[in-house]
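In what follows, a single structure is set out as structure tokens and then discussed.
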Amino acid sequence: MVRAVLPLLTLTLLAEDESYGYELTERLSAHGLDVTTGLVYPLLSRLERDGLVSTRMVQSANGPPRKYFALTPAGMAALEAAQEQWQVVSTAVRDATEKEHPKND
């Protein structure tokens, strides 16, 4: 399930603030998701290839330069579309779940 929502979550976090890959993995983990760089980096490459994120290299004080990712206008539009789709899906799941397991009032 995490793989299905990872693009939405990644775009959401990048809309808040640009990040480099490892930092983004840490931000996702802070939200309780079990993600690895092996999952995040290929996604970031695809988002860059699709024009949804832009990149810039920033010199690091503790090692090699870091590649920072930021949302592009196309990425913001994709995020808005994904959020709308998520609302439809989450409503459908909630409605189906409530019908299967009604609340005891």
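Observations, loosely collected:
- Accessible surface of the chain [probe 1.4 Å, protein heavy atoms]: carbon and sulfur percent: 54
- For the chain, calculated [θ]222 nm from helices alone, where every DSSP H run of n ≥ 4 adds -39500 (n - 2.57): -21000 deg cm²/dmol
- Using a Förster distance of 25 Å, the FRET efficiency for Gln85-Glu48 (Cβ separation, nearest 0.05): 0.70
- Surface exposure of the chain, expressed per residue as accessible area with a 1.4 Å probe, stands at 67 Å².
- Long hydrophobic helices in the chain: the complete DSSP H runs spanning 15 Å or more by Cα along their own axis with mean Kyte-Doolittle hydropathy of at least -0.5 are 2-16, 37-49, 73-100.
- Whole-percent pair-distance distribution, where bins are 5 Å wide, for the alpha carbons of the chain: 2, 12, 20, 20, 17, 10, 7, 5, 4, 2, 1, 0
The values are calculated or read from the model by the stated rules, or taken from the named source; none is laboratory data. Values in this document were obtained by computation on a predicted structure and should not be read as measured data. A quick note on method: Cβ atoms are made from the backbone with ideal geometry, for glycine too, and the neighbour counts reach across all protein chains shown. Remember, those area values only see protein heavy atoms, side chains included, never the ligands or the DNA or RNA. Shrake-Rupley method; radii C 1.70, N 1.55, O 1.52, S 1.80 Å.
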